[in-house]
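S.K.: Quick one: structure below, then a few questions.
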Amino acid sequence: MASPLFVALYIPVVVWAATGLGLLYAFRRSAPPVVLRLAATFLALWALLATTTLAWVLTQGGWSAIVALAQHPLLLFRPSAAILWVEGAIGAFLVFAVAFLLNQLVGRGFLHLLHPSERTWPPNLPAPRDWTSFLVFPSDRPEAFSFTLLELGGKFVAHRREVILMSEGLERRLTPEEVEAVVAHELGHIRGLDSRYLTFLRTLSRMMRWDPLLAYLAYTLTRREEFRADAEAARITRRPLALARALYKAMSAAPGPFPVGADSFLGGAGERGRNEALERIRRLVAMAESGAFAEGNGA
């Protein structure tokens, strides 16, 4: 009969598998925050399994250990491997901590290097939270993106600061209604926790380029959330055509990809990014033609 410790070492695998199945179900059925939180949990448990396996291989002889583990996967779940799971947990925590720090450094780097100035919040949009900023930075590149920063307030109390950045190049090309639609799109990302979770997952996927599962998950969630943020902007402004026009103007004038780390308004670079932008425009036009947003179609 297996010892309690032997059984306990299987728990991360069981939870990881259950979370993965839950993620597959939630991807189609649940709200974005649920999906992103499940994705974060799935990746955290995956990191635990991966770093524990790596620790086992390094301590058991390298390539020969890989062969042995491939032949007998249960070796990793022997009670004698408990200390390796502790080391794996520490390793997984360090990987996520570094990804989090890089994510925060990128956001703060944008604010430091781009020298943005604050703009008045669009009057027709819902009032933002106290820590949401709408900023415009000097650049001819037509772009907008959002991210979340963790900041310390008085008495070392941490709070989140949501930042929406738009380039002067994009602002100049858009009408006030189109600017409002772009801000509403980024607000949709913030409400869906994209600027908190998705940006982090994308940073993590860039750190771990060798992992195709993580890359696919980051790409698929990014694509889905762009569509969802478009729908949220249409719901808020009731002007899907305004956002479609803004997307077309940004796509037509964009000279190339935005610096790594931004949740780009266009969603991506290259031919794939162009095709996705065109698909988003088609969906927004279909929303307008559906009659569901008749109040705003004249914008």
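The values are calculated or read from the model by the stated rules, or taken from the named source; none is laboratory data. Please read these numbers as outputs of a predicted model, since none were measured by experiment. Cβ sites come from the backbone with ideal geometry, for glycine too, and all protein chains shown count toward neighbours.
S.K.: Quick check, is Arg238 at pLDDT 80 or above, in the same structural domain as Ile281 (by TED's automatic domain parsing) and at positive phi?
M.R.: Numbers: at pLDDT 80 or above: yes; in the same structural domain as Ile281 (by TED's automatic domain parsing): yes; at positive phi: yes.
Spelling it out, Arg238 is indeed at pLDDT 80 or above, in the same structural domain as Ile281 (by TED's automatic domain parsing) and at positive phi.
S.K.: When residues of the stretch 43-86 are filtered for being without any contact (Cβ under 8 Å) to a residue 60 or more places away in the chain, touching a Leu at 6+ places or on another chain (Cβ under 8 Å) and closer than 16 Å to Val15 by Cα, how many remain?
M.R.: Residues that pass the stated criteria total 1.
So that you can scan it fast, the table gives a plain yes or no per residue for (1) of a type outside the set (D, E, K, R); (2) more than 23 Å from Leu45 (Cβ to Cβ); (3) modelled with pLDDT of 95 or more; (4) part of a helix (DSSP H, G or I):
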| position | (1), (2), (3), (4) |
| --- | --- |
| Phe147 | yes, yes, no, no |
| Lys155 | no, yes, no, yes |
| Leu187 | yes, yes, no, yes |
| Ser195 | yes, yes, no, yes |
| Arg202 | no, no, no, yes |
| Leu214 | yes, no, no, yes |
| Thr220 | yes, no, no, yes |
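S.K.: Looking at (1) outside any helix (DSSP H, G or I); (2) among the basic types (Lys, Arg); (3) at pLDDT 85 or above, can you tell me which one Arg160 breaks?
M.R.: (3) is the only condition that Arg160 fails.
S.K.: Determine whether Thr51 is buried (at least 18 other Cβ atoms within 10 Å of the Cβ), out of contact with any strand residue (DSSP E or B) (no Cβ under 8 Å at 6 or more places or on another chain) and of a type in the set (Val, Ile, Thr).
M.R.: Values: buried (at least 18 other Cβ atoms within 10 Å of the Cβ): yes; out of contact with any strand residue (DSSP E or B) (no Cβ under 8 Å at 6 or more places or on another chain): yes; of a type in the set (Val, Ile, Thr): yes.
So Thr51 passes the test.
S.K.: Right, another one. Suppose we filter the stretch 51-105 for residues that are of a type in the set (A, V, I, L, M) and in contact with a Ser or Thr (Cβ under 6 Å, 6 or more places away or on another chain); how many remain?
M.R.: Qualifying residue count for the region: 4.
S.K.: Right, Pro126: surrounded by 13 or more Cβ atoms within 10 Å (Cβ to Cβ), within 30 Å of His185 (Cα to Cα), over 19 Å from the mean Cα position of the chain (by Cα) and modelled with pLDDT of 80 or more or not? Working first, answer last.
M.R.: Numbers: surrounded by 13 or more Cβ atoms within 10 Å (Cβ to Cβ): no; within 30 Å of His185 (Cα to Cα): yes; over 19 Å from the mean Cα position of the chain (by Cα): yes; modelled with pLDDT of 80 or more: yes.
The answer is no for Pro126.
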